[in-house]
Every structure is written in structure tokens, then in C-alpha cells.
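Worksheet for the structure shown next.
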Amino acid sequence: MNTSVIGLVVVACLAAGLTTWLFRRRAQRRADKADQGGAITFTCLLRHPSRGDRWLRGRVLLGPSTLAWEPRTRSGAGISLPADLRRVGVRSPTAREAIRINGRSRIVECVSPQGKVLLAVMPHDADHLLGALPPGRVGE
């Protein structure tokens, strides 16, 4: 009995370590590709003014002259990032938001002519997104 439990714990620890190593390796490759000027994609959640309080799953395509959002569900079809998108802040999710999205993510608050746009990304991808978005003021 004890031997099987110990074996299970060892296997679980090895699996967790391998998973962590793979995620860090993928993030490092993405950072290296971005530093070399290549196009990268990463997972993102979008809260668009036209969809109210709903978070839409998708991916951000980020390149030297490209910033686009690709929806991953039918509910996000027809939605794109506004042309004049400007960042106004970065924050952690509130307790209420953390129920629907990953609590460790960072929310990039943006303004556009269409209204307030929120983009939720993981911390290791936030720097890439912040570098691509021009700064703005809250009252714009």
C-alpha cells in the first residue's frame, strides 16, 4: 500500500516537473522568436464592448507590423480588434473575473473609439502585447 502511494507521488512530481519545463521552453522559444522580429501567436481572452461582459477565447497574432485577434469559438466570429486600440493599464483579475478566467493572468485595459476593450493574457505573454500596443490616456 505505502509503496504504491509513494510511486504515485513520484510519478505525479515527475509529470509536474516535465509539464513546467515544457511550458517554460515554449515561452522561451516564443520570446526568442519575437526578439528576432518574427510573428508569434499566444492565447488570449477578449472582452469587447459589442459583447458586453462576455469573455471570448482566441489567439493574438503579433508581428512586426501586425496585431490581430483570431477567435477560437463561433461566438467570437466577426469580432476583431479595433483599429485605434490604445493601452491604458494592466491589472490582475478581480475575484469575480478570476472565476471565469485564469486568476494568474494579466488584464490589459485598452480604449478605442468603440469603447473599453480588455485583453487577458498570461504574464509571460503580457510584455509582448504591451510592446505592441501604443499607450493612451484613460479619458480618450
Does GLY37 satisfy the condition of being under 18 Å from LEU130 (Cα atoms) and exposed (fewer than 10 other Cβ atoms within 10 Å of the Cβ)?
-> yes
Would you mention how many residues in region 33-79 are under 21 Å from LYS116 (Cα atoms) and in a strand (DSSP E or B)?
-> 17
Subset of region 80-99 (residues that are among the acidic types (Asp, Glu) and in a helix (DSSP H, G or I)) | GLU97
Can you tell me which residue in region 1-17 is nearest to LEU130 (Cα to Cα), limited to those that are in a helix (DSSP H, G or I) and open to solvent by 100 Å² or more (accessible area, probe 1.4 Å)?
-> LEU14
Which residues, counting only those in region 8-47, are charged (D, E, K, R) and touching a residue at least 12 places away in the same chain (Cβ under 8 Å)?
-> ARG30, ARG47
Output the number of residues of region 86-140 satisfying the condition of being farther than 16 Å from LEU67 by Cβ, open to solvent by 50 Å² or more (accessible area, probe 1.4 Å) and touching a residue at least 40 places away in the same chain (Cβ under 8 Å).
-> 7
Residue satisfying condition, being touching an Asp or Glu at 6+ places or on another chain (Cβ under 9 Å) and closer than 22 Å to GLY38 by Cβ, within set ARG59, ARG91 = ARG59
Would you point out which residue out of SER4, SER50 is among the polar types (S, T, N, Q) and touching a residue at least 60 places away in the same chain (Cβ under 8 Å)?
-> SER50
Do we find that ARG26 is assigned to a strand (DSSP E or B) and either acidic (Asp, Glu) or open to solvent by 100 Å² or more (accessible area, probe 1.4 Å) (or both) in this structure?
-> no
Of the residues in region 100-140, those that are among the charged types (D, E, K, R), under 20 Å from ARG26 (Cα atoms) and outside any loop (DSSP other than H, G, I, E, B) number 3
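The values are calculated or read from the model by the stated rules, or taken from the named source; none is laboratory data. Computed from a predicted structure; not experimentally measured. Note that we place each Cβ from the backbone using ideal geometry, even for glycine, and neighbour counts take in every protein chain shown. Areas reflect the complete protein model, heavy atoms only, side chains present, ligands, DNA and RNA absent. Shrake-Rupley method; radii C 1.70, N 1.55, O 1.52, S 1.80 Å.
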